Amino acid sequence: MSPTVFVLAQSTLGFWEKLTDPFVGAGFLVNFLVLGSLYSLLAVGFVIVFKATQVLNFAHGAVAALGAYFTWSVVIKWEIPVRWFPEGSAFSTKNTESILQPYLLTWVVGLILAVAVAALLGLVLERLFVEPMVGEPLFSVAIITLGMDIFLRTMYNDVIGVRSKPMGDPFGFNSWKLPVGDQTMLLFWAQPFIIVVGIIVAILLVWFFRSKYGVAMRATAFDQEAAMAQGIPVSRIFALAWIIGGGLAALAGTFFAMSPPGFTGAHLFLPFIAFRALPAVVVGGLDSVPGAVVGGMIVAFIEIFLGTYFGFLSDWVGNGFGEIIPYVVMFVFLLVKPYGLFGTEEIRRV
């Protein structure tokens with residue numbers, strides 16, 4: 001038997017052992033749900049802006065990174081608001097008997113402020129750079145957002161420096177020890193927290209799109225001129241889409257910075273996370289919010305499944321191949337189903 005065949009046989013046997021191992025399966029399920037929630041949050045913000053304005057927002061990743069940096073500033077650098085609590089109180093950072101309380105409070109405040117600042121940043125970008133381009137070719141507007149991305153990334157790189165800014169997680173690395181088979185799995189509190197937040201955001205979006213402004217946004221996405229004829233303030237709807245997109249970008253960027261919990265932080269490559277959402281957007285459909293959620297879960301499943309059970313392929317194709325496979329899936333969808341699973345198909349006469 002040749003060495004290559006022998007190694008392949010050993011790898012196949014290892015795959016079946018992993019596939020039947022409940023400990024590996026439990027870890028796969030948790031990582032899949034966490035990454036799927038992150039991809040869905042990032043993709044939904046991208047899709048909402050495109051759905052309402054038909055603009056591809058290439059600055060989405062830079063806004064997400066700035067949101068993560070602002071969360072780090074509030075939580076770690078400024079310690080707002082617990083730095084103003086009297087020493088010895090339950091929420092004082094000097095109270096070593098109850099570290100979780102001040103840290104959780106600071107984290108929640110930091111996350112809320114970061115989402116608000118990113119939403120405001122989205123509004124400013126839309127008013128300054130996108131609104132004056134209304135009526136211009138969409139390609140020109142996309143190039144404008146690319147310039148916004150370069151500007152924001154340069155600003156972010158200057159403030160972040162060469163070292164990452166670890167921000168921990170809202171629960172101070174607390175975890176559960178769960179018995180799985182004959183082993184013990186470590187589940188950080190932050191992991192189900194990310195999943196729950198993703199579910200809450202999805203529920204809120206379903207409610208929003210059934211509200212007055214949500215219906216107006218859907219009408220604007222379908223036909224802007226008809227929406228204006230019906231008295232819908234299209235300019236206000238555009239601004240609202242960028243506000244929501246900015247807030248979701250900050251939420252996703254912050255969660256990416258703390259996932260795995262606290263091990264990465266805000267770093268120089270964080271602005272490029274928007275490109276990790278592109279396969280999810282293409283798979284789900286560029287103008288479909290439910291499609292963004294489904295696409296995010298599909299892409300996360302493929303990435304985590306291959307990374308967990310087909311790690312032996314790294315000997316032939318290199319490390320990190322699981323992160324490349326979603327882009328291969330994206331290319332396949334562009335060839336066979338270019339509008340995605342839930343996207344609106346367009347028929348044009350040529």
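The values are calculated or read from the model by the stated rules, or taken from the named source; none is laboratory data. Treat the numbers as computed from the prediction; the structure is a model and nothing was measured. Positions of Cβ are generated from backbone atoms using ideal geometry, with glycine treated the same way; all protein chains shown enter the neighbour counts. Side chains are part of the model used for accessible areas, which takes the heavy atoms of the whole protein and leaves out ligands, DNA and RNA. Shrake-Rupley method; radii C 1.70, N 1.55, O 1.52, S 1.80 Å.
Observations, loosely collected:
- Tally, over the stretch 83-127, of residues that are modelled with pLDDT under 75 and open to solvent by less than 70 Å² (accessible area, probe 1.4 Å): 9
- Filtered by the rule that a residue be at pLDDT 85 or above and farther than 19 Å from residue 255 by Cα, the stretch 158-174 gives 158, 159.
- In the stretch 282-323, of all residues being open to solvent by 70 Å² or more (accessible area, probe 1.4 Å) and under 19 Å from residue 259 (Cα atoms), the one that is modelled with the lowest pLDDT corresponds to 323.
- When the stretch 13-57 is limited to residues that are more than 12 Å from residue 249 (Cβ to Cβ) and of a type in the set (Phe, Trp, Tyr), the one that is surrounded by the most Cβ atoms within 10 Å (Cβ to Cβ) turns out to be 39.
- Contacts under 7 angstrom Cβ, first residue in the stretch 31-45 being among the aromatic types (Phe, Trp, Tyr), partner open to solvent by 10 Å² or more (accessible area, probe 1.4 Å) and modelled with pLDDT under 90, 6 or more apart: 32/304; 39/276
- Annotation for the stretch 147-169: at least one member residue is open to solvent by less than 20 Å² (accessible area, probe 1.4 Å), assigned to a helix (DSSP H, G or I), within 30 Å of residue 134 (Cα to Cα) and of a type in the set (Phe, Trp, Tyr).
- Exactly one residue out of 76, 80 is of a type in the set (A, V, I, L, M, F, W, C), at pLDDT 75 or above and surrounded by fewer than 16 Cβ atoms within 10 Å (Cβ to Cβ): that is 80.
- Breaking point among (1) farther than 27 Å from residue 332 by Cα; (2) surrounded by fewer than 24 Cβ atoms within 10 Å (Cβ to Cβ); (3) β-branched (Val, Ile, Thr), for residue 254: (2)
- Selected residue (only one of 222, 173 is at positive phi, open to solvent by 80 Å² or more (accessible area, probe 1.4 Å) and of a type in the set (A, V, I, L, M, F, W, C)): 173
- Within the stretch 50-71, the residues that satisfy the criterion of being in a helix (DSSP H, G or I) and modelled with pLDDT of 90 or more are 60, 61, 62, 63, 64, 65, 66, 67, 68, 69, 70, 71.
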